[in-house]
Ligand code: 5AD
Ligand code: FES
């Protein structure tokens, strides 16, 4: 799809027309990644962060927030639990925490690969090339680093102190190092236009991303972007962060990148607690990331308000998600659920 078509879909309001988009995305999803929904256990290992991202509730300037860093025995316990649940992947996520020393992740990844069959996804922010290489050599399989928006001016304005190029460079390095690479955006950032989002979707394709995470921007009162309206220049051009808009971006991303793993994100589940995940799964998504963080910590991983699953335990989320997946006639994936490239399977 060219830029004009993408933008036209993003602006589409007619529900009969949108029905066609949903059907096409679901068809592409079924045809290219099948009916299985892969589960990735999300472990939020630390809420310390040295960055000032203007949208994020755990930014460094947030002095009132109690900070935590999980200990190695706590992490191991959660990993045993997610293995028992039958998940194929653990996602280790944290803010850009300088207290997480590279060797501790290296040791942890080595332990996970030596003691479980799990695929390991890291989501630990922008890190130097040498560190990313060490973690890859220890056995890490995938890395998530959302670009949030590919518009340079907008990205620079929401990420003070770290230029556009550094995130782009990190993504390039990750793929050169052999990681499966995930990125993605928030939809509805103040100042984000339809054209920008259309370009983001083209960028997903150009980057040949293995994983694409898309969620609504949810304003957090303790961040500079709490006062969202002050930054919006033109109402006509501003993309909203509604559920339908996010689902349009998911559907168009699925059509643009048929083989990618696309999660039904927690942020989306947070703006529609009843059916947010099911809807995303029916509009192109094929992955869910159940939270396995201990209850005492998950409440402190306060990146946006109203986060789904904040007062649940890993057990509760596990049964809840299984039920939701089965309720829409999909099955639970087994194994690591890595991205399968059509090209490589043709060569086999
Ligand atoms: N609203 C929605 N998503 C957010 N994230 C961070 N802050 C917010 C917010 N206010 C998302 C970012 C980040 C991911 C871990 O959480 O996209 O990459
Ligand atoms: Fe956590 Fe439903 S997934 S409560």
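The one condition from (1) assigned to a loop (DSSP other than H, G, I, E, B); (2) closer than 28 Å to residue 47 by Cα; (3) in contact (Cβ under 8 Å) with a residue 12 or more places away in the chain that residue 258 does not meet is (2). Restricting to segment 312-325, name every residue that is more than 8 Å from ligand 2 (Cβ to nearest atom) and closer than 17 Å to residue 276 by Cβ. Hits for segment 312-325 are 322, 323, 325. Scanning segment 277-288 for residues that are crowded, with 24+ Cβ neighbours inside 10 Å and either out of contact with any strand residue (DSSP E or B) (no Cβ under 7 Å at 6 or more places or on another chain) or closer than 25 Å to residue 47 by Cβ (or both) yields 277, 280, 283, 284, 287, 288. Against the condition closer than 30 Å to residue 6 by Cβ, free of Cβ contacts under 8 Å to residues at least 40 places away in the same chain and either away from ligand 1 (no atom under 14 Å from the Cβ) or not in a helix (DSSP H, G or I) (or both), how does residue 274 come out, does it pass? Criteria met by residue 274. Within segment 94-134, the set of residues being within 18 Å of residue 81 (Cβ to Cβ) and part of a loop (DSSP other than H, G, I, E, B) comprises 116, 117, 118. When residue 329 is tested against (1) within 20 Å of the chain's Cα centre (by Cα); (2) on the phi > 0 side of the Ramachandran plot, exactly one condition is not met: (1). Restrict the check to segment 262-270 and report whether at least one residue is away from ligand 2 (no atom under 16 Å from the Cβ), in contact (Cβ under 8 Å) with a residue 12 or more places away in the chain and closer than 26 Å to residue 2 by Cβ. Within segment 262-270, one or more residues are away from ligand 2 (no atom under 16 Å from the Cβ), in contact (Cβ under 8 Å) with a residue 12 or more places away in the chain and closer than 26 Å to residue 2 by Cβ.
Determine if segment 160-168 includes at least one residue that is within 16 Å of ligand 1 (Cβ to nearest atom) and in contact with a strand residue (DSSP E or B) (Cβ under 8 Å, 6 or more places away or on another chain). Looking for residues that are within 16 Å of ligand 1 (Cβ to nearest atom) and in contact with a strand residue (DSSP E or B) (Cβ under 8 Å, 6 or more places away or on another chain), one finds none in segment 160-168, hence no. Of all residue pairs spaced 6 or more apart or on separate chains, those with beta-carbon atoms under 7 Å, a first member in segment 311-324 that is closer than 17 Å to residue 299 by Cβ and a second member that is assigned to a loop (DSSP other than H, G, I, E, B) and within 16 Å of ligand 1 (Cβ to nearest atom) are 314/292; 317/290; 317/309. Of the helices (runs of 4 or more DSSP H) entirely within segment 135-236, those holding at least 3 residues that are over 25 Å from residue 248 (Cα atoms) occupy 164-176. For segment 298-319, filtered to residues that are surrounded by fewer than 20 Cβ atoms within 10 Å (Cβ to Cβ) and part of a helix (DSSP H, G or I), the residue that is nearest to ligand 1 (Cβ to nearest atom) is 316.
One residue stands out in segment 34-63 among those that are modelled with pLDDT of 95 or more, out of contact with any helix residue (DSSP H, G or I) (no Cβ under 8 Å at 6 or more places or on another chain) and more than 16 Å from ligand 1 (Cβ to nearest atom): the one that is nearest to residue 161 (Cα to Cα), namely 38.
The values are calculated or read from the model by the stated rules, or taken from the named source; none is laboratory data. Bear in mind that the values here come from a model prediction, so they are computed numbers and not experimental data. Positions of Cβ are generated from backbone atoms using ideal geometry, with glycine treated the same way; all protein chains shown enter the neighbour counts.
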